[in-house]
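For reference, the structure discussed in these notes is given below.
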Amino acid sequence: MRTSDTIFALSSGAGKAGVAVIRVSGPQAAKAVERLAARLPEPRSAALRTFRDADGAVLDRGLALWFPSPRSATGEDVAEFHCHGSPAVIGALMTALSSMPGLRPAEAGEFTRRAMANGRLDLVEVEGLADLLSARTEAQRKLAMAHYLGEASSAYERWRASLIGILGRIEAAVDFADEAEVVEPAMRGAREAAIALVSEMTSALSEYGRARTLRDGVKVVLAGPPNAGKSTLLNLLARREAAIVSHTPGTTRDVIEVMMDLGGVPVILTDTAGLRANAAEEIEAIGMGRARKEAEQADVLVWVTSSDAEAGPTPVVLPAIRLRNKCDLESNLSSRLRNEEMNVSAKSGSGMAEFIERLTALITQRYSNLEHASVIRARHEQSVSRTVALLQEFLADDQAHLELTAERLREAATVLGRITGRIDVEDLLDHVFREFCIGK
Ligand SMILES: Nc1nc2c(ncn2[C@@H]2O[C@H](COP(=O)(O)OP(=O)(O)O)[C@@H](O)[C@H]2O)c(=O)[nH]1
Ligand SMILES: [Mg+2]
């Protein structure tokens, strides 16, 4: 990385806006402020300035901010210009900055990369920042925020410290194998700590599936026989005509998805082709194949039937909610309800509020309490699972191959340290040595 370069970029969204923010980071940041805004403001406070180009022509009037290294977003000298948010003003300021020696436009993610290189953020916090920038719903924002603010990193650091403690005790037992008064308490301590760590990590791993779903969106699938009103329901929930509705059975042939926010949780509401015993033709059969697959992969399956639709097959997987639609056509409702069905009418709207309430409650119960989850990405899951497996091996193996165990746990500590990216082997050996001395 060429950290000697000074980089600049539009940090706010492109397009027309009241205010735009242009950020500069690197050794020439102070010069950039002096050239564009006459002189440096007080550190970390805003100053109203007239921005001028090299010839002294006025470009805009706005705020200049100055964050001297190291207390800045990137850890380098950083300046911010808050200007009017039109393409012309932004363009004029960017042109003025490009013409200054030593300045160049930033590459994607370069500010964050520098922040990490300067120890302002670790890798998990960077991931949290990326998630925060793409968060669409409240539950996603909370999860991303906790990662960005270092909550998950602390968990990983704590686990790694505990693993290193276990390792130190095992190494003491290896080095003083002849001295029972060292070996026994060291091994007892190692086992107790390993049991506690396995339990904590296993509980964190158990949240992984749900956390991943929360990041991607919860898949709610509407499935059932043709003509039951699935597409009508989707359109009603999405408040737009996303799917074609028709009384001709088999109208929906492909999978249709709409994004929704239910109680702060992102939901991918999915409409599917109706399922019946015999497809009329090949395209319907393909649609039914896709519908079955969607139903199997659903996080929440909503099974829709109606009095005038054919009975249809039994659901492929257990539905979370069963709807009996078109209750407006039925006179005696309650007697016709079977196994926990809810009566609704997509046409009259009857029962819809209750259905949405139930769906929202089900989803928020499952997915909105995950802001303390640490294991939320595949790479976290792999490293933590591997550490658990190695610890379990140690617990099962007892004292037979202690040296080999120590070697593998050392490897596991490195693997865990890589999750936050804050570890190298020297650091690890230091810790081990310190622990060893204390143990002795
Ligand atoms: N009476 C009545 N008709 C409905 C209701 N919901 C949908 N329909 C009608 O049922 C037919 C099939 O609806 P559609 O949404 O295409 O069913 P799908 O095949 O399950 O997607 C259409 O003519 C809809 O207008 C309802 O609640 N009551
Ligand atoms: Mg349909």
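With q set to 0.08, 0.11 Å⁻¹, the log10 of I(q)/I(0) for the chain, from the Debye formula over equal scatterers at the Cα positions, is -0.73, -0.97.
Based on the mean of other beta carbon atoms within 10 Å per residue, what is the order of 155-165, 104-114, most packed first?
The densest-packed peptide leads the list: 155-165, 104-114.
VAL344: net charge of surrounding residues, Cβ under 9 Å, Lys/Arg +1, Asp/Glu -1, itself excluded? Net charge around VAL344: +1.
Of ALA135, SER199, PRO87, whose Cα points farthest to the positive end of the dipole of the chain (charges on the beta-carbon: +1 Lys, Arg; -1 Asp, Glu; origin at the Cα centre)? The residue sitting most towards the positive pole is PRO87. Summing Cβ point charges (Lys, Arg +1; Asp, Glu -1) relative to the Cα centre of region 217-367 gives a dipole of roughly 200 debye. Of VAL304, VAL344, the sequence from fewest to most neighbouring Cβ atoms within 10 angstrom is VAL344, VAL304. Kirkwood's formula applied to the C-alpha pairs of region 6-117 gives a hydrodynamic radius of 13.7 angstrom.
Note on region 217-367: Rg/Rh from C-alpha atoms, Kirkwood Rh, equals 0.93. Alpha carbon centre of region 366-406 versus region 165-241: separation in Å? Each part's Cα centre sits 9 Å from the other's. Descending by average beta-carbon neighbour count within 10 Å, the peptides 248-256, 10-18, 405-413 line up as 405-413, 248-256, 10-18, the highest first. Charges were assigned to the Cβ only: +1 to each Lys and Arg, -1 to each Asp and Glu. The resulting dipole of the chain about its Cα centre is roughly 1700 debye.
Can you give the local net charge around LEU262? Use residues other than it whose beta-carbon is closer than 14 angstrom to its beta-carbon, Lys and Arg +1, Asp and Glu -1. Taking every other residue near LEU262 into account, the sum is +1. Taking Lys and Arg as +1 and Asp and Glu as -1, the other residues whose beta-carbon sits under 14 Å from that of ARG52 total 0. Here the relative contact order of the chain, from alpha carbon pairs under 8 Å that lie six or more residues apart, stands at 14 percent.
Of VAL19, VAL126, how do they rank once you tally other Cβ atoms within 10 Å and put the fewest first? List each step's numbers first, then the result.
Working: VAL19 11, VAL126 20.
With the fewest neighbours first, VAL19, VAL126 line up as VAL19, VAL126.
The number of Lys pairs in the chain with C-alpha atoms less than 30 Å apart, excluding pairs fewer than 8 positions apart on the same chain, is 13.
Taking the number of Cβ atoms within 10 Å of each Cβ as an exposure proxy, the fewest-first ranking of VAL24, VAL415 is VAL415, VAL24.
Read the figures in this text as sums done on the coordinates, not as results from a lab. These numbers were taken from a predicted model, which means no experiment stands behind them. Glycine gets a Cβ as well: all are built from the backbone with ideal geometry, and neighbour counts include every protein chain shown.
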